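Note sheet for the following structure.
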Amino acid sequence: MKVSRIHECGGPEVIRYEEAPVPTPKANEVLVRVRACSLNHLDLWVRGGLRTLRLTFPWVLGSDAAGEIAEVGSLCDRAKAGDRVLVAPGRTVSAGYATAHGRDNAAPDYGLFGAVYPGLNAQYVTVPEANALPIPGDLTFEEAASVPLVFLTAWHMLVGIARIRMLEDVLVIGGASGVGIAAIQIAKLHHCRVIATAGGDRKLELAKALGADHVIDHYRQSIKDEVKRITGRRGVDLVFEHVGKATFGHSTASLARQGRLVTCGATTGFETTLNLGHLFSKHLSLHGSYMGTMGELYDLLRFFEHGLLKPVLDQTFPLSDVRGAHERMAASKHFGKIVIVPD
């Protein structure tokens, strides 16, 4: 089979398209014939060499995929050959305290395909049967592969952690990103007023078309000043943050009294400052979030089945040109998910 993988960390040039043996599923695993993958910023960070990761080369990238089950292990009792499935991006085999309480994403061995466990950018992959979920509704393979990581992350942040409420004011930082696009839709699902930031007229218009009530160009406008203008100086109830250093000060300053901020990342840097006086005098809450639970993934997939949430696709690349996909994402030319299709 063909696979896209790296033998060392570095720029897009380290990605190789090469032959590898078709894996054999273990007793509790299924073999998936991959029909589509999608790219995440995580792929760029792993390829570039995250210091927290311990990769075994050659390493296969990719956390999202969808396809058909080609073979099932002897202990599998739900999946069967021919099933159309998407892959839950995080896996654990732990049976400890966290998983017993429904928090599998907090288990000690929890990790993402392509980062902690070998990835999905291949013609065939093996995954635990529990990670192969039925594709909801009439989603195509390309659409299904664009759902799991970003929508699960956004759902856990807004619904699981921040406890979003109907009719709140929500600020979505980076509304043109994968998780931002998911966040806009989830907030509108709760009939919230959404203020989204993005860079450039095209992305601002696309964010509005997706449901954002107000948009802010974070390259040309002050986020906190625009939020105060839009909300009559009140601020927002909830900030969806994942950019970090470049926006965090604006994000906290945009919160109303008793406002909540939830963050899942820091693409522009981890170091920032925080006015503790504002934190306690305004009764603010700050939350960190990482991925989501398997139960939450099942919950949100029901909304795709009924057409209430929708994946947004950008451009498709063949598996032989994963390098081109990485270059497009690195240049921030995309709006929606960049999809990779095995040749």
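The values are calculated or read from the model by the stated rules, or taken from the named source; none is laboratory data. Here the structure is a predicted model, which is why all the values come from computation and not from measurement. Ideal geometry is used to build each Cβ from the backbone, glycine not excepted, and the neighbour counts take in all protein chains shown. Remember, those area values only see protein heavy atoms, side chains included, never the ligands or the DNA or RNA. Shrake-Rupley method; radii C 1.70, N 1.55, O 1.52, S 1.80 Å.
Stretched out fully, how many nm does the piece from T273 to R54 gain, at 0.36 nm a residue minus the Cα gap?
75.8 nm
At 7 Å along the Cα-to-beta-carbon direction for both M166 and V22, put a label point, then send me their distance in nm to one decimal.
Label-label distance for M166 and V22, simple model: 5.2 nm.
Given that compact globular proteins tend to follow 2.2 N^0.38 Å, what is the ratio of the alpha-carbon Rg of the stretch 23-127 to that value?
The value comes to 1.10.
Taking only C-alpha pairs under 8 Å that are 6+ residues apart, what is the relative contact order of the stretch 232-326 in percent?
Relative CO of the stretch 232-326 lands at 23 percent.
Could you give me the percent of Cα pairs per 10 Å distance bin for the stretch 268-307, shortest bin first, beginning at zero and ending with the bin that holds the maximum distance?
19, 28, 22, 26, 5
Beta carbons within 10 angstrom, averaged per residue: use that to sort the peptides 75-81, 195-201, 163-169, 181-187, highest first.
Final packing ranking: 181-187, 195-201, 163-169, 75-81.
If one takes the longest principal axis of the Cα atoms in the chain, at what angle in degrees, from 0 to 90 and to the nearest 10, does the Cα axis of helix 294-305 lie?
80
Can you tell me the accessible area per residue over the chain, all protein chains present, probe 1.4 angstrom, in square angstrom?
Computed with neighbouring chains in place, this is 44 Å² per residue.
Full extension from Q258 to K310: what is 0.36 nm times the residue separation minus their Cα-Cα distance, to one decimal in nm?
Full extension of this stretch gives 15.6 nm more.
Working out 0.36 nm times the residue gap between K228 and R302, then minus their Cα-Cα distance, what length gain in nm do you get to one decimal?
23.1 nm
Packing-wise, with mean Cβ within 10 Å as the measure, how do 311-321, 15-25 rank, highest first?
Going from most to least packed, we get 311-321, 15-25.
Which entries of K2/K188; K80/K337; K80/K203 have Cα-Cα distances beyond 32 Å here?
Beyond 32 Å: K2/K188; K80/K203.
Pick the calculated percent of Cα pairs over 26 Å apart for this structure from (i) 48; (ii) 53; (iii) 58?
Only one listed value fits the structure, namely (i).
Can you pull the percent of the stretch 274-343's accessible area that's carbon plus sulfur, 1.4 Å probe, other chains left in place?
Reported share for carbon and sulfur atoms: 53 percent.
At 7 Å along the Cα-to-beta-carbon direction for both W45 and R103, put a label point, then send me their distance in nm to one decimal.
Spacing of the two 7 Å Cα→Cβ label points: 2.1 nm.
Provide the three semi-axes, in whole Å and in decreasing order, of the ellipsoid equivalent to the stretch 222-343 as defined by the square roots of 5 times the Cα gyration tensor eigenvalues.
They are 33, 19, 15 Å, listed from largest to smallest.
Within the accessible area of the stretch 122-183, what % is carbon and sulfur when the probe is 1.4 Å and the other protein chains stay in place?
Reported share for carbon and sulfur atoms: 57 percent.
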